[in-house]
Amino acid sequence: MLVSLPLYVFPLCMLAAAISDIRKYIIPNSISVALIAAFAIAFALSGLGWDVLLNHLLAGFGMLVIGLIMWHPDYTGYLGGGDVKLLTAAAFWLGWPLFGHALVYITLCGGLLAIGFLVARLIVRWYPRISLTIKPLAKLAATEKPALPYGVAIAVGAVYVFPQSSLFQAIVGS
């Protein structure tokens, strides 16, 4: 039972990140730090070899480099800093190629999230009275270029593939 405890940290931290991103558009650093610390503990308990650890580390650091490029305002500015850190922590937990599969689901969820935001904005513009009863919709409609709480998409995509990860399988199987 104690050996499987770190596996609860991943989905719970992802849920906390998604909720925080929805409420404040911020993913606290403490969530990413907790995820990486729990990854180290979970990996130590898993009994997996150095080759698997190297795979997970390369996936994590590779995502960090790509994420920093996507975050940097001089290049693209597509991602927020919290999103980059959360993606990096997820890559550490999932390893490669599973993190690539997670990216597909993250992208799909992000697209659905964007469509949902567009629909919400249209509803408020077509039916302005609805914004009187649903305050977040009014706030959303008032912003010209709304940021998406992409932590939600990251959490959904990463948690969806998590049971297939070598780390999860090694700990659950023991």
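The values are calculated or read from the model by the stated rules, or taken from the named source; none is laboratory data. For clarity, every value in this text was computed on a predicted model and none was experimentally measured. When we count neighbours, we look across all protein chains shown, and the Cβ atoms used for this are built from the backbone with ideal geometry, even at glycine.
Values for this structure:
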quantity	calculated
Candidates 41, 36, 26 - the one that is over 14 Å from the mean Cα position of the chain (by Cα) and either aliphatic (A, V, I, L, M) or assigned to a helix (DSSP H, G or I) (or both)	41
Entirely in segment 100-174, the helices (runs of 4 or more DSSP H) that have 3 or more residues that are closer than 29 Å to residue 35 by Cα and modelled with pLDDT of 80 or more	151-161, 166-173
Test: residue 54 is within 20 Å of residue 148 (Cα to Cα) and part of a helix (DSSP H, G or I)	no
From the options 95, 67, 80, residue that is under 21 Å from residue 163 (Cβ atoms), surrounded by 15 or more Cβ atoms within 10 Å (Cβ to Cβ) and not aliphatic (A, V, I, L, M)	95
From the options 90, 34, 40, 59, residue that is aliphatic (A, V, I, L, M), at negative phi and at pLDDT below 90	59
